[in-house]
Amino acid sequence: VGDIKMKSKITFILPFYKKISGGHKMVYEYANRMSKDDYEITILIDCKKIERKYRIIPKKLKYAVCKYYVYKTKKWYNLQHKVSIKCILGINDDTVPDGDVVVATAIGTAEKVVALSANKGKKLYFIQGYENWGEWTDKKVNETYNLGMTNIVVAQWLKDKVSEAGADAIVLKNAIDTDIFNVRNPIENRDRFHIAMMYRKEKIKGAIYGIAALKKLKEKYPNLQATLFGPSSRSKDIPKWIKYIHAANQHELNHIYNEAAIYMYPAIKEGFGLTGAEAMACGCAYVSSDYGGVHEYTVLGRNVLLSAPKDVQGLVDNVSYLIEHDDKRIELAGNGYHDIQVLDWQKNIIKLESIIDSLE
């Protein structure tokens, strides 16, 4: 890459989010890897949302809440010391440093990033999902795609959404760190009755359907084991017989995936589905709902079994099939492990750096 790589200052702007998220994780991955390539990376977390929600709380206390989030982030994810991560109260020319590139990473940051002055950097929009939830309508989401930034999407189906809105986008699929997520427990040696699943309270993650499926499976197979992990403390909705890991870091996730024979993901809608790809890299047979983004890295019948979103019995049937046909479980997991290797970080960084170099 040309001389720009040695001098580029890149600012990623994230919305405040009180839980660990895959979207934030991908930004941290890019930040870490690009900092090793001599980019000067700053991550800003916009805590204006806290200020709006808790108006009666003193500003210093709101800022302290955001700083605590930054502390938790550093504890959960090993950011390189060269990466600067800070919290700000609003996205504007006073809070964002001058630089070469500034990246909006969610719909709530897009319009504010566009409004920044030119000396803050050329503008990228990193799109990881179709964010038509909460206050955001389809119309509003589509408008953000047409703000004039360079749109980068993590999946082909998102590129199609951007195209339908009348804009262009570059596909940059998520990558998997196979130095961390890999097979350490041989696929054929695993207990086929051991299932792993992510637990998130957001409705689009479909956890209630996953829990319902696990309950049915436990009735059918009394020796079934399940390990769930998530960003929140254990919910009362999780049956006592299920093991729960709170705020698992990268290495803990690798252990969870390697202990399980099957990874089940019951999401309703998802841009990519990062944990499914991680689990495949760790040798899990993948059973998922057909949430959209799953098709970016899977092939039905070869490395994944799919059922319709919210279809509890479909999840039960697919998991049961793998439990009762261990050879198919091993075949599916082996194919998944092989196929997921294409999601390579080195290729992603080269592509993103070339995008940055081509910005006008």
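Once the other residues with Cβ under 13 Å from the Cβ of PRO309 are scored (Lys, Arg +1; Asp, Glu -1), what is the net sum?
Net local charge, PRO309 excluded: +1.
For the chain, just give the cysteines left without a disulfide-compatible partner, judged by no other Cys Cβ under 4.7 Å.
CYS282, CYS284 - these cysteines have no disulfide-compatible partner (Cβ-Cβ under 4.7 Å) in the chain.
Just check the range 196-254 against the gyration tensor rule for me: Cα atoms, a ≥ b ≥ c as the square roots of the eigenvalues, rounded for a/c under 1.5, and otherwise prolate or oblate depending on whether a/b exceeds b/c.
oblate
What lysines does LYS236 reach when the alpha-carbon gap must be under 25 Å and sequence neighbours fewer than 8 apart in one chain are set aside?
Result set, ordered by chain and number: LYS18, LYS19, LYS72, LYS201, LYS203, LYS205, LYS215, LYS216, LYS218, LYS220, LYS269, LYS310.
By average Cβ neighbour count within 10 Å, what is the ranking of 147-157, 218-228, 287-297, 179-189 from highest down?
Result, highest mean first: 287-297, 147-157, 218-228, 179-189.
So, counting K/R as plus one and D/E as minus one, what does the shell of residues with Cβ under 11 Å around ASP327 add up to?
Once positives and negatives cancel, what remains is -1.
Given just the C-alpha atoms of the range 90-246, how large is their convex hull per residue in cubic angstrom?
178
Please list, in order along the range 192-203, the HN-Hα scalar couplings obtained from phi with the Karplus expression 6.51 cos²θ - 1.76 cosθ + 1.60 (θ = phi - 60°), rounded to whole Hz, x for Gly and Pro.
5, 8, 9, 10, 10, 7, 7, 10, 9, 6, 4, 4
Report Rg(Cα)/(2.2 N^0.38 Å) for the chain, keeping two decimals.
Normalised by 2.2 N^0.38 Å, the Cα Rg of the chain equals 1.01.
With Cβ to Cβ distances under 12 Å as the rule, what net charge do the other residues near ILE268 carry (K, R +1; D, E -1)?
Every neighbour counted, the sum reads +1.
When only DSSP loop residues count, what GluC sites (Glu not before Pro) in the range 66-155 have their Cβ near at most 16 other Cβ atoms within 10 Å?
Sites meeting the loop and neighbour criteria: GLU135.
Using only the alpha carbons, work out the radius of gyration and Dmax of the range 218-297 in angstrom.
For the range 218-297, the Cα radius of gyration and maximum Cα-Cα distance read 13.0, 35 Å.
Considering only protein heavy atoms and a probe of 1.4 Å, how much of the accessible area of the chain is carbon and sulfur, as a whole percent?
Using a 1.4 Å probe with all protein chains present, the chain comes out at 51 percent carbon and sulfur.
Based on Cα coordinates alone, diagonalise the gyration tensor for the range 244-360, multiply each eigenvalue by 5, take square roots, and list the semi-axes in whole Å, largest first.
The three semi-axes for the range 244-360 are 27, 16, 15 Å.
Measuring with a 1.4 Å probe in the full set of protein chains, what accessible area per residue, in whole Å², belongs to the chain?
Counting only protein heavy atoms, the per-residue value for the chain is 45 Å².
Rounded to the nearest 500, what is the chain's calculated 222 nm mean residue ellipticity when only DSSP H runs of at least 4 contribute -39500 (n - 2.57) each, over all residues?
Rounded to the nearest 500, it is -12000 deg cm²/dmol.
Can you give me the long-range amide H partners of VAL171? Hydrogens built in the peptide plane at 1.01 Å from N, cutoff under 5 Å, separation of 5 or more residues or another chain.
HN-HN under 5 Å from VAL171: VAL153.
For the chain, modelled as a GNM with alpha-carbon contacts under 10 angstrom, which of ASP100, ASP327, ASP344 fluctuates the most?
ASP327
Grab every C-alpha pair in the range 11-112, bin the distances at 5 angstrom width from 0 up to the longest one, and report whole percents.
Per 5 Å bin, starting at zero, the Cα-Cα P(r) for the range 11-112 comes out as 2, 13, 24, 25, 21, 11, 3, 1, 0 percent.
Kirkwood hydrodynamic radius, the range 310-360, all distinct C-alpha pairs: what's the number in Å?
About 14.2 Å, per the Kirkwood formula over Cα pairs.
The values are calculated or read from the model by the stated rules, or taken from the named source; none is laboratory data. Being a predicted model, the structure only gives us computed values, none of them experimental. In this analysis, Cβ positions are derived from the backbone assuming ideal geometry, glycine residues included, and neighbour counts consider all displayed protein chains. When the accessible area is computed, the model is the full protein with side chains, heavy atoms only, and any ligands, DNA or RNA have been set aside. Shrake-Rupley method; radii C 1.70, N 1.55, O 1.52, S 1.80 Å.
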